[in-house]
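These notes concern the structure reproduced below.
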Amino acid sequence: MNKFVIQGGKKLKGEVEISGFKNAAVAILPASILAEEKTVIQNLPDISDTRTLLAILASMNATVTRLDNNTVSLEPGKVKECKAEDGMAGGLRASYYFLGAGLGRFHKAKVAYPGGCLIGARPIDQHIKGFEALGAKVKIEKGIISVQARELKGATIYLDIASVGATINIMLAAVKAKGQTVIENAAKEPHIVDVASFLNALGAKVRGAGTDTIKIEGVKKLGGCEHAIIPDQIEAGTYMIAAAATRGEVLIKNVIPKHLESVSAKLKEMNVTVEENGDEIRVKTSKRTKSADVKTLVYPGFPTDLQQPMSSLLAISQGTGSITENIFEGRFKHVNELKRMGAVIRVEGKVAIIDGVKTLSPAAVKASDLRAGAALIIAALSTKGKTEISQVEHILRGYDRIEEKLQKLGAKIELINGKEADE
Ligand code: UD1
């Protein structure tokens, strides 16, 4: 098992360049099999989730060529079927996008039931409802989901929940369906817009992405394209919170400030200086932050993915604050680990009430999931002394070169590999 060893207590200072958005990348890679010609994906984050998806694409006979660390060319010509049934696909959530993409391209797909972060029940009933409305039959047997349709016909689908995954999966299945598909109560997150831009660059006709009604006019054929993935708002938000927690000053580069408005507003409320300038955000504070109440909501509300990092900042802020988690019921696994570091938190249902302490204390803690890991890194950076974080493979699924980026900001963080870390 790998672990991070962090000698905390140093203010983060300097500049950090944000990578491409994980959540867009993990949809666009499976979507590339809808293309009939070559696609070149730029600004692809080099994280284990994208590496796994590239390996799955290669296992389907796509020609995958890395042009540099963050650019990949994908030629789907030799892909004849969409099957991702093994452990690789079961290891991450986004493998379910092969269901929509495979349906769209081949009218069938078989994919291992998705894994990913254990942050709640995470059902996929809305994806299935969408596929069935388009004319597909869906079967779940022995951990494998199979979808199949003789013909895909456009339909109007009203989502019970504005699910990000279901919205994207239905878009992928519908781009080549006969006639018009309308998704009502669609999710509006920035990566929905990015996936729609990618599909439109291939020749699809997707309108309204970013609003709660998406209309898709089916087309017969999709070509190829070059597409640069939008910046990762969650990675950016993580560095913003880390800057505040260490009372440092960080210039966050290559971001879309609009996507981070809810985070900037909350940090300002906590007495952090946040300045936007073009595609950069500067975050600075020299004093202890003031506590606040945070409620997670669908975009443009405060993102659930930053709730865990934010709890680390609240844990050391002045006064009592709270987190209300409205999206995933099980997203408080980091709380026990923060308590090990001296945080004073009590969870009552979907609310965590956090009494800020002056400082946390170092401890050996475990990352239970991706953003829980980010929360622990922030807690460790703010705390004098040596904190060890194990199960970091969760963190490496989603943060591109995190130790290198933090080291550049002056942090003392080391990734210890394998056996050495087990000792
Ligand atoms: C995506 C993001 C994840 C983020 C989440 C919410 C990716 C790869 N992951 O996850 O980082 O935290 O959006 O912004 O983009 N639900 C159902 N039935 C369904 C689908 C979802 O009940 O068929 C529920 C979920 O259990 C959850 C809520 O809807 O309570 C939102 O889930 P959803 O938006 O689908 O999240 P993901 O796509 O899994």
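Got the relative contact order for the chain handy, in percent, Cα pairs under 8 Å and 6 or more residues apart? Present the calculation step by step, with values, prior to reporting the outcome.
Working: 1088 pairs, mean separation 91.5, N = 423.
For the chain, the relative contact order is 22 percent.
Quick check: from the Cα gyration tensor, does the chain come out rounded (a/c under 1.5), prolate or oblate? It comes out prolate by the Cα gyration axes.
Taken one residue at a time, the phi angles of region 157-172 give Karplus couplings (6.51, -1.76, 1.60, θ = phi - 60°) of 10, 9, 6, 5, 10, 6, 7, 4, x, 5, 4, 5, 4, 5, 4, 5 Hz. Gly and Pro are set to x. Computed over region 1-132, the quotient of the alpha carbon radius of gyration and 2.2 N^0.38 Å is 1.20.
With K and R counted +1 and D and E -1, the other residues having a Cβ less than 9 Å from that of Glu275 yield a net charge of 0.
Computed over region 322-412, relative contact order equals 24 percent, with contacts defined as Cα pairs under 8 Å that lie 6+ residues apart. Sequence-distant contacts, meaning Cα pairs under 8 Å at least 6 residues apart, place the relative contact order of region 230-385 at 21 percent.
For the ranges 216-222, 386-392, 64-70, what's the packing order if you count other beta-carbon atoms within 10 Å of each residue, average per peptide, and put the highest first?
Numbers: 216-222: 16.7, 386-392: 20.6, 64-70: 13.6.
So the peptides 216-222, 386-392, 64-70, ranked by packing, come out 386-392, 216-222, 64-70.
Packing order of peptides 329-341, 289-301, 267-279, highest average first: 329-341, 289-301, 267-279 (average count of other Cβ atoms within 10 Å over each peptide's residues). Considering only Pro190, Ile252, Tyr239, and ranking their Cα positions along the charge dipole of region 138-264 that arises from unit charges at the beta-carbon of Lys, Arg, Asp and Glu, the one farthest toward the positive end is Pro190. For region 178-268, a simple Cβ point-charge model (Lys and Arg +1, Asp and Glu -1, everything else neutral) yields a dipole of about 240 debye relative to the Cα centre. What separates the Cα centres of region 1-49 and region 147-201 is a distance of 24 Å.
Once you have a ≥ b ≥ c as the square roots of the Cα gyration tensor eigenvalues for region 22-228, tell me rounded if a/c is under 1.5, and otherwise prolate or oblate according to whether a/b is larger than b/c. Working shown, then result.
Values: a/c = 1.32, a/b = 1.16, b/c = 1.14.
Since a/c stays below 1.5, the shape of region 22-228 is classed as rounded.
Simple spin-label estimate for Leu415 and Lys290 gives 3.9 nm between the two label positions (7 Å along the Cα-to-Cβ direction from each Cα). Close amide H contacts of Thr320 (hydrogens built in the peptide plane, cut-off under 5 Å, sequence separation of 5 or more or a different chain): Gly356. Between the listed residues Ile354, Phe332, Leu306, the Cα displaced farthest toward the positive end of the dipole of region 290-423, a dipole computed from Cβ unit charges relative to the Cα centre, is found at Ile354.
Taking the Cα centre of region 100-213 as origin, sum charge times position over the Cβ atoms of Lys and Arg (+1) and Asp and Glu (-1), and report the length of that vector in debye to the nearest 20. All intermediate terms of the calculation are to be shown ahead of the outcome.
Values: 15 positive and 9 negative charges, 113 e Å.
With only Lys, Arg, Asp and Glu charged at Cβ, the dipole is about 540 debye.
Applying the Karplus relation 6.51 cos²θ - 1.76 cosθ + 1.60 with θ = phi - 60° to region 88-94 yields 3J(HN,Hα) values of 4, 5, x, x, 9, 5, 5 Hz, where x marks Gly and Pro. Among Val164, Asn69, Leu103, whose Cα sits farthest toward the positive end of the charge dipole of region 22-228 (+1 at Cβ of Lys/Arg, -1 at Cβ of Asp/Glu, about the Cα centre)? With unit charges placed on the Cβ atoms, the residue in question is Leu103. The label-point distance for Ile140 and Asp125, in a model that sets each label 7 Å from Cα toward Cβ, rounds to 1.0 nm.
Were the residues from Lys13 through Lys253 laid out at 0.36 nm apart, the gain over their Cα-Cα distance would be 85.1 nm.
Grab the other residues whose beta carbon is less than 13 angstrom from that of Gln126, score K and R as +1, D and E as -1, and report the net. Don't skip to the answer; put the middle values down first.
Details: positive: Arg122, Lys129; negative: Asp125, Glu132, Asp160, Glu184.
Here the count lands on -2.
Counted by Cβ distance under 10 Å from Ser382, the other residues give a net charge of +4, where Lys and Arg count +1 and Asp and Glu count -1.
Under 5 Å between amide hydrogens, built in the peptide plane, is the criterion, and for Gly385 it picks out Gly8 among residues at least 5 positions away or on other chains. Is region 35-101 rounded, prolate or oblate when judged by the Cα gyration tensor, a ≥ b ≥ c being the square roots of its eigenvalues, rounded requiring a/c under 1.5 and prolate requiring a/b larger than b/c? Oblate, since a/c reaches 1.5 and b/c is not below a/b. Summarising the amide proton neighbourhood of Ala187: residues at separation of 5 or more, or on other chains, whose placed amide H is nearer than 5 Å comprise Ser163, Thr167. Taken one residue at a time, the phi angles of region 387-392 give Karplus couplings (6.51, -1.76, 1.60, θ = phi - 60°) of 10, 10, 10, 9, 6, 6 Hz. Gly and Pro are set to x.
Suppose we keep just the DSSP beta bridges with both residues in region 22-228; what percent of those would be antiparallel, to 5?
Numbers: 26 of 37 bridges.
If we restrict to bridges inside region 22-228, about 70 percent are antiparallel.
A Cβ-based charge dipole, computed about the Cα centre of the chain with Lys and Arg at +1 and Asp and Glu at -1, lands at about 320 debye.
Throughout, read-outs are computed from the coordinates displayed, never taken from laboratory work. The structure displayed is predicted, hence computed values, not measured ones. Counting neighbours? That spans all protein chains shown, and the Cβs are built from the backbone with ideal geometry, glycine included.
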